[in-house]
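Here the structure comes first, spelled out in structure tokens, and everything after it is commentary.
The values are calculated or read from the model by the stated rules, or taken from the named source; none is laboratory data. Because the structure is a prediction, the values reported are computed rather than measured. All Cβ positions, even for glycine, are placed from backbone atoms using ideal geometry, and neighbour counts span all protein chains on display.
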Amino acid sequence: MNQEYKKLYKDLIAEKCKTTIIDYDPCNKKYQYQPFSHSVSPMALDNLYDLVIDNVVFYTFSEDEIIKLQNNISLLADLRSAAKYAFAERLPKRKAADSDGTLGEVLLDLLIQVFEPASQKLIARAKHIEVGKKSEITGYDALYFTKQGDEITLWLGQAKAGQESYCKRDIKKDLNEKFQTDYFTETAFYIADKSDCYELTSLLNEINKICLDTQKENLTKV
């Protein structure tokens, strides 16, 4: 795990988050739910927006890229400029503001990194875009893993931001579609040779072997 990255993230994002986002005890029923809310103050939403903007660069680039860019060009000296840099270099240009999911995706990324500090990003999605058009890849909005001993846990996230009715309707649709076996396996095969996580090399090699075997046995749809 990149301790240099973790320290940078803690100092620049996680510490500020403590006074802006409140986490509560998880609710355990059939599934476990971890509720959050922003603080209650006249500047609460402004503070949350500021925090999300500051997190844009950490959402856009991998951990190793953040360290290299910080060492080479002092990327993190001004997080607002870093956010503009991330949009200019990688993030897709979404013309319809009402359907722009960037806010929800960056906020979800922030919640995982802050409240699950042992998590590591499997893939920086913005790295894999079509040159020129900056067309984003589809798939899960968050791809993380945590490893404790021999136990590996995958985090597959979906995010929605907007009116409550839209969020409830479309997140239900997303969960029903994107957590089916076919969708998961297609995503797993896609990230198996693109992941930035060296700790998962042996597991990803196994996924690649399965992918190769399915081609040999003509078990794929393409």
Kindly indicate which of Ala82, Ala88 is farther than 20 Å from Cys167 by Cβ, more than 17 Å from the chain's Cα centre (by Cα) and surrounded by fewer than 17 Cβ atoms within 10 Å (Cβ to Cβ). Ala88
Can you tell me which residues in region 31-86 are more than 17 Å from Val114 (Cα to Cα) and of a type in the set (S, T, N, Q)? Gln32, Ser41, Gln70, Asn71, Asn72, Ser74, Ser81
Counting residues that are modelled with pLDDT of 90 or more and among the hydrophobic types (A, V, I, L, M, F, W, C), which helices (runs of 4 or more DSSP H) fully inside region 1-118 reach at least 3? 44-60, 63-73, 79-89, 102-115
Restricting region 153-200 to residues that are of a type in the set (Val, Ile, Thr) and assigned to a helix (DSSP H, G or I), the one nearest to Phe61 (Cα to Cα) turns out to be Ile191
Of the residues Glu177, Glu151, Glu186, which is at pLDDT 80 or above, among the charged types (D, E, K, R) and over 30 Å from Lys93 (Cα atoms)? Glu151
Counting only residues that are surrounded by 12 or more Cβ atoms within 10 Å (Cβ to Cβ), touching a residue at least 24 places away in the same chain (Cβ under 8 Å) and over 23 Å from Lys127 (Cα atoms), region 148-201 contains a total of 2
Expected single match for of a type in the set (S, T, N, Q) and either within 19 Å of Ser119 (Cβ to Cβ) or touching a Gly at 6+ places or on another chain (Cβ under 9 Å) (or both) among Gln215, Gln158, Gln163, Gln180 is Gln158
Hey, can you tell me all the residues within region 167-185 that are out of contact with any helix residue (DSSP H, G or I) (no Cβ under 9 Å at 6 or more places or on another chain) and closer than 25 Å to Leu107 by Cα? Lys168, Arg169, Asp170, Ile171, Lys172, Lys173, Asp174, Leu175, Asn176, Phe179, Gln180
